[in-house]
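**Student:** Structure in structure tokens, see below.
What follows draws every value from the coordinates through simple rules; no lab data is involved. Predicted model only: the values in this text are computed from it and were never measured. Ideal geometry is used to build each Cβ from the backbone, glycine not excepted, and the neighbour counts take in all protein chains shown.
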Ligand code: RIB
Ligand code: CA
């Protein structure tokens, strides 16, 4: 069974990814970061999921803002709470520490993969504190970037755009890196049919997930005019737990920091002649969406 640390900014899809990770891996710890919502909210939401799952996974709070500039949030998608109007189970859990970076460094081991599904601030700070960290873990699987369309801007994906400097540190670190970008995650879409399947199951995680999707689909109507949503963050978990469901290719990828139109873009070198020589990342291009959705739904029921 894979051993994971999940670095996250819950976030509707982060919450689903955390449940999926606990069903198919040993989650040795969770680190939270400012992203979809402020750090206090993302940390509270990570604790909420551990309470819902009744697991003893520790949550370590991390960065309150990006390496450069002010925090960027996504309230239009996730609400000010980070989980919209989703009902919150009562619990008395608190973070194990406010030192996510220290936890990432201390927990490093050759069989540990870090699944990073929010802005990469905590990981960049870990690398800046100890560059050898990347050689002491198995690798990093991120939901972030894109080998195509953006969402935060025409060309930049939210997790990268929220802290481009941190993303550049990670992409330039030499770490074994798998990138699940929007070009991939847009292939895995939920809709009201998924919600209805979950509503037929009388279990806490199924009820919670049904609320997550219903709340998210309602926001997507406003944003996209349809009741469906890409299941972004679970893809980065599946890349580790179910790699056979994804088609992945080596690519040279770097992060644009200066472009007035392109800041936060993951610039993927698609030139055939350069694909192997300069590759610093494994980029995901295809996912077996029906099979992946069944794995995700099975983990929620
Ligand atoms: O662009 C999608 C990413 O941004 C996902 O991780 C989602 O949770 C938001 O953080
Ligand atoms: Ca996220």
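**Student:** Mind jotting down the distance between the C-alpha centroids of the range 1-45 and the range 57-126, whole Å?
**Tutor:** 7
**Student:** Can you sort 13, 132 so the residue with the fewest Cβ neighbours within 10 Å comes first?
**Tutor:** Values: 13 28, 132 9.
By the 10 Å Cβ count, ascending: 132, 13.
**Student:** Okay, next question. Contact order normalised by length for the range 146-269, with contacts defined as Cα pairs under 8 Å and 6 or more residues apart; what percent is it? Spell out each step's value before the answer.
**Tutor:** On the way: 161 pairs, mean separation 41.0, N = 124.
Here the relative contact order equals 33 percent.
**Student:** Work out, step by step, the length gained on full extension between residue 1 and residue 165: first 0.36 nm times the residue separation, then minus their alpha carbon distance; give nm to one decimal.
**Tutor:** 55.7 nm
**Student:** Mind telling me which of 271, 136, 227 comes out most flexible in a GNM of the chain, alpha-carbon contacts under 10 Å?
**Tutor:** 271
**Student:** To continue, here is another question. Connecting C-alpha atoms closer than 10 Å in a GNM of the chain, tell me which of 29, 82, 218 has the biggest fluctuation.
**Tutor:** Per the Cα network of the chain with a 10 Å cutoff, 218 tops the list.
**Student:** Can you tell me the mean projection area, over all orientations, of the convex hull of the range 20-71's alpha carbons? Units nm², please. Spell out each step's value before the answer.
**Tutor:** Details: hull surface 15.4 nm².
Computing the convex hull of the Cα atoms and averaging its projections yields 3.9 nm².
**Student:** What list do you get for 127, 160, 248 if you sort them by fewest beta carbons within 10 Å?
**Tutor:** Values: 127 23, 160 29, 248 18.
Least to most surrounded, the residues fall as 248, 127, 160.
**Student:** Ok, one more. Could you tell me the extents of the chain's C-alpha atoms along the three principal axes, largest first, rounded to whole Å?
**Tutor:** In descending order, the Cα extents are 52, 40, 37 Å.
**Student:** Relative contact order, percent, of the range 55-207 when contacts are C-alpha pairs under 8 Å separated by at least 6 residues? Intermediate values should be presented prior to the final figure.
**Tutor:** Values: 206 pairs, mean separation 33.4, N = 153.
It rounds to 22 percent for the range 55-207.
**Student:** Let me ask something additional. From Cα pairs below 8 angstrom and at least 6 apart in sequence, can you work out the relative contact order of the chain, rounded to a whole percent? Mind showing how you got there, number by number?
**Tutor:** Values: 706 pairs, mean separation 57.4, N = 301.
Relative contact order for the chain comes out at 19 percent.
**Student:** Ratio of the range 26-135's C-alpha Rg to 2.2 N^0.38 Å, to two decimals? List each step's numbers first, then the result.
**Tutor:** Numbers: Rg = 14.1 Å, N = 110, 2.2 N^0.38 = 13.1 Å.
Rounded to two decimals, the normalised Rg is 1.07.
**Student:** For every helix of n ≥ 4 consecutive DSSP H residues, a contribution of -39,500 (n - 2.57) applies; sum these over the chain, divide by its total residues, and give [θ] at 222 nm rounded to the nearest 500 deg cm²/dmol.
**Tutor:** Working: 12 runs with 115 residues, N = 301.
After summing the helix terms and dividing by the residues of the chain, the value is -11000 deg cm²/dmol.
**Student:** Distance between Cα centroids, the range 270-301 to the range 169-213: provide it in whole Å.
**Tutor:** If we compute the Cα centre of each part, the gap is 14 Å.
**Student:** Across 5 Å bins from 0, what is the distribution of all Cα-Cα pair distances for the range 96-232, in whole percents?
**Tutor:** With a bin width of 5 Å, the distribution comes to 2, 10, 16, 17, 15, 14, 13, 10, 4, 1.
**Student:** Oh, and also: For residue 64 and residue 273, what does the FRET efficiency come to when R0 = 35 Å and r is the distance between their Cβ atoms, rounded to the nearest 0.05? Write out the running numbers ahead of the final one.
**Tutor:** Numbers: r = 43 Å, r/R0 = 1.24.
Computed FRET efficiency for residue 64 and residue 273: 0.20.
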